[in-house]
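The values are calculated or read from the model by the stated rules, or taken from the named source; none is laboratory data. The structure presented is a predicted model; accordingly, all values stated were derived computationally and were not measured. Cβ placement follows ideal geometry from the backbone for every residue including glycine, while neighbour counts extend to all protein chains displayed.
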Amino acid sequence: MIKMTARALAGAALALLPLTAASSVQAAEHDVPARYASLHDGIEALPLAAESRTGYQRTSFKHWVDADRGGCSTRAEVLIAESRARPEVGPKCKVISGRWFSYYDGVTVTDPKGLDIDHMVPLAEAWDSGASQFSAARREAYANDLEAERSLVASVAAGRVRHRGEVSRTPLLDDPHPFVAHAADWPAFRLVWLILLRLPYLH
């Protein structure tokens, strides 16, 4: 099911897809009870907006911080959480090895140096879609969101063209399962953060 705030839903019908609450910053700004909606209703609840990348800088989103002061950066936390084998972690929470499956690429990786941490909705796209109006603290919370499921995903970095934080990605279509998960996660994550749906994505 998509779980979302009543404010975002504005009375949409209850149904099937979950959306976890985002960060403490976001929750504090939108202190309303959670509700549930179908994927269709979730997409319908997203407001539409034209693109606007004016003023975007990646540095506007302070990322890979140690938000919980536990000694691990956001990147390290994602690598540890997503490793399919017990990861080797060195001093200062440096992730040395593990086993990760990049569902965007269909590739298994054992060296974390070969991985990027991708945002479900990339930073530049989030900026285009309303994050330009976020406070600096809320942009930092967005960039380091470990609470909304699949907000951050480890994916293969080496061997592909990278546009840092600017391009939305979808899983490989030869395996429908991650693609279906992505199709649900994408609008759900936007609703958690009240990020607008840009007009080119309507179709």
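Here is how the numbers come out for the structure above:
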read-out	value
Unmet requirement for Leu79, which otherwise passes all of (1) assigned to a loop (DSSP other than H, G, I, E, B); (2) within 18 Å of Glu147 (Cβ to Cβ); (3) in contact with a Pro (Cβ under 7 Å, 6 or more places away or on another chain)	(1)
Checking Arg164 against (1) under 15 Å from Thr59 (Cα atoms); (2) modelled with pLDDT of 85 or more; (3) of a type outside the set (Gly, Ala, Ser); (4) in a loop (DSSP other than H, G, I, E, B), the condition it does not meet	(2)
Qualifying strands (runs of 3 or more DSSP E) (wholly inside the range 88-161; at least 2 residues being small (Gly, Ala, Ser) and at pLDDT 85 or above)	152-156
Yes/no for Ile96 being within 20 Å of Ile80 (Cα to Cα) and touching a residue at least 40 places away in the same chain (Cβ under 8 Å)	no
Single residue of Leu191, Leu172 found to be over 25 Å from Asp66 (Cβ atoms), hydrophobic (A, V, I, L, M, F, W, C), at pLDDT below 80 and crowded, with 22+ Cβ neighbours inside 10 Å	Leu191
Residue in the range 68-91 that is under 28 Å from Tyr56 (Cβ atoms), basic (Lys, Arg) and within 16 Å of the chain's Cα centre (by Cα) present	yes
Positions within the range 113-140 being farther than 30 Å from Gly98 by Cβ and either of a type in the set (D, E, K, R) or crowded, with 22+ Cβ neighbours inside 10 Å (or both), in sequence order	Trp127, Asp128, Ser129, Ala131, Phe134, Arg138
